[in-house]
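Chemist: The structure under discussion is supplied below as structure tokens; questions concerning it will follow.
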Amino acid sequence: MTLPTARALQKIENENNLLKHLDLKSYEQNKRVPKPSEIARIEAEKLSHNLRQKLTHIEENYSVWFYAQVFPLFPKWLRISNRIKRNATDPLNNLLNLSYEVLMCARAE
């Protein structure tokens, strides 16, 4: 298994575990995203550019589901409708962006 595929599968598994921990709808209840076993099978194509595009698309679908479950947990005054990674102007997206940057820096050390 390549590193990008392993990373995508680990991210999906971590998000799914959090959804279950919070008693939210897990990925198993979302029929629009492929199962992790199907994601691993995509790797067999051995087309690095196509593999990256497919993994990115799959991760995006999982993220949309994840944030649709998590955002309602926040107070209404802070709640947003979608995740914005760049040029965010609302406090919640900016907080998430900062948190991810801190995690990436800590991971790099």
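The values are calculated or read from the model by the stated rules, or taken from the named source; none is laboratory data. What you see is a predicted model, and the numbers here were worked out from it, not measured in a lab. Backbone-built Cβ (ideal geometry, glycine too); neighbour counts: all protein chains shown.
Chemist: Name the one entry in E38, E15, E60 that is surrounded by 14 or more Cβ atoms within 10 Å (Cβ to Cβ), among the acidic types (D, E) and either at pLDDT below 85 or in a helix (DSSP H, G or I) (or both). I'd like the intermediate steps shown before the answer.
Modeler: Numbers: E38 fails: surrounded by 14 or more Cβ atoms within 10 Å (Cβ to Cβ); E60 fails: surrounded by 14 or more Cβ atoms within 10 Å (Cβ to Cβ).
Just one listed residue meets the conditions, E15.
Chemist: Where the second residue is part of a loop (DSSP other than H, G, I, E, B) and the first is closer than 18 Å to E60 by Cβ and lies in segment 15-26, which pairs have Cβ atoms under 8 Å and are six or more apart or on separate chains?
Modeler: Note: pairs meeting the criteria are N16/S26; L19/K25; L19/S26.
Chemist: Hey, can you tell me all the residues within segment 79-96 that are within 16 Å of F66 (Cβ to Cβ) and not aliphatic (A, V, I, L, M)?
Modeler: R79, S81, N82, R83, K85, N93 - these are the residues of segment 79-96 that are within 16 Å of F66 (Cβ to Cβ) and not aliphatic (A, V, I, L, M).
Chemist: Which is over 13 Å from the mean Cα position of the chain (by Cα) and modelled with pLDDT of 85 or more, of H21, H49?
Modeler: H21
Chemist: Can you tell me how many residues within segment 74-101 are more than 26 Å from I39 (Cβ to Cβ) and surrounded by 10 or more Cβ atoms within 10 Å (Cβ to Cβ)?
Modeler: If we filter segment 74-101 for residues that are more than 26 Å from I39 (Cβ to Cβ), which is where we start, we get 74-81, 87-95, 98, 101.
Among the residues that remain, those that are also surrounded by 10 or more Cβ atoms within 10 Å (Cβ to Cβ) are: 74, 78-80, 88, 90-95, 98, 101.
So the count comes out to 13.
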